[in-house]
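Reading through the structure tokens given below for one structure.
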Amino acid sequence: MNHLNLSQLNIFSSYTIDRSDHNIGDPRTLNELSESGHARFLPITGYKVMVTENLEVVTIDVTEFRSQEYYKKPPVYLGRDNGLHYFAVSVDIGHGKTQEFRDLRSLAPLLDKNDAALLGYAVMMITWQRNHRFCGVCGAPTISISSGHILKCSGDNCGIEHYPRIDPAVIVLVENAERVLLGRKSDWPEKRYSAIAGFIEPGESAEQALVREVAEETGVEVAEVSYQSSQPWPFPGSLMLGYFAKASTDQIQLRDGELQEARWFTREELSRNLENGTFLPPTAASISFSLMETWFNQSSNIPFRMLCENNTTVR
Ligand SMILES: [Zn+2]
């Protein structure tokens, strides 16, 4: 299993942007960039991004960035691609632009993969900045430095530097006797099922977290795990670690109430339910989909993706 290739298939993780130029956000360098016309700014508000009707990413140039009052915060440098330097910039809701902001989570599967990854990265940085406006140690306001990749405390006796935060989580497709374990939450779209997932707790390995989450949510005991790939997940700032697992038990018991339902599916059941519209797969952008696809295609004449594309389940 080539984890590198698998991770590149996951949306939000495919971008080949060069992140090495972190001093580019310095005012002097930014001035030079504005002269050259090679800087592009991505307006972000919450999890929302700007795209055209044709789903092309909307960027603004330095002149517009400087001229508009609603771009109040210092930009965050993301990296360079094809000779252009990309920045994320936080926009207050209520500004007067004509292009509409749209939610990246629902938009991502429709976007060009590299665009989705760039916007995901931008959303993660802006979200982190928004949630760390004050120092967690002394409560003084933080100041964006190092092109937005460090938030430094402004307190006289503190001055601690805060770095972008990522919360690791596990997502696992559990198998037992040619069946996989899928669950659904009550607030998901109707008929949607997904692999079991949860955050890693302090003092836990990823594998321990996986065994605990599956037991808590479904009552199933995991005996064996193997790593598949990872995926950044910008809502709000997770790194999903994808695994396959083999279960030693198959009795389902919803112990912690997090899931509304959990059940085992054979490949035949998945095919049938996709065909008759009683099963909605996870979004094709997710690692959950990728795990299901890999497992399903190990023993099927029809690719999982093709079945999903023909899926008539009401969304
Ligand atoms: Zn402080």
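The values are calculated or read from the model by the stated rules, or taken from the named source; none is laboratory data. Just so we're clear, the structure is a prediction, and the values are computed from it rather than from any experiment. Quick reminder, even Gly has a Cβ in these numbers, built from the backbone with ideal geometry, and neighbours come from all protein chains shown.
Table for the structure above
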item	result
So Leu210, is it of a type in the set (A, V, I, L, M, F, W, C) and away from the ligand (no atom under 16 Å from the Cβ)	yes
Segment 160-188 - residue that is within 10 Å of the ligand (Cβ to nearest atom) and touching a Leu at 6+ places or on another chain (Cβ under 8 Å) and, of those, nearest to Val220 (Cα to Cα)	His162
Test: residue in segment 131-138 that is crowded, with 16+ Cβ neighbours inside 10 Å and β-branched (Val, Ile, Thr)	no
Residue match in segment 84-95 (condition: within 24 Å of the chain's Cα centre (by Cα) and within 16 Å of the ligand (Cβ to nearest atom))	no
Any chance Gly198 is outside the structural domain of Met125 (by TED's automatic domain parsing), buried (at least 18 other Cβ atoms within 10 Å of the Cβ) and under 22 Å from Gln298 (Cβ atoms)	no
Odd one out for Asn157 among (1) within 16 Å of the ligand (Cβ to nearest atom); (2) in a strand (DSSP E or B); (3) out of contact with any Gly (no Cβ under 9 Å at 6 or more places or on another chain)	(2)
Helices (runs of 4 or more DSSP H) fully within segment 54-142 counting 3 or more residues that are modelled with pLDDT of 85 or more	104-107, 113-131
Residues located in segment 289-309, provided they are more than 20 Å from the chain's Cα centre (by Cα) and touching a residue at least 12 places away in the same chain (Cβ under 8 Å)	Trp295, Phe296, Ser299, Ser300, Ile302, Phe304, Arg305, Leu307, Cys308
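Here is a yes/no grid of residues against (1) surrounded by 14 or more Cβ atoms within 10 Å (Cβ to Cβ); (2) in contact with a strand residue (DSSP E or B) (Cβ under 7 Å, 6 or more places away or on another chain); (3) within 21 Å of Asn176 (Cα to Cα):
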position	(1), (2), (3)
Thr218	yes, yes, yes
Val225	yes, yes, yes
Pro234	yes, no, no
Tyr243	yes, yes, yes
Gln251	no, no, yes
Asp256	no, no, no
Asn273	yes, no, yes
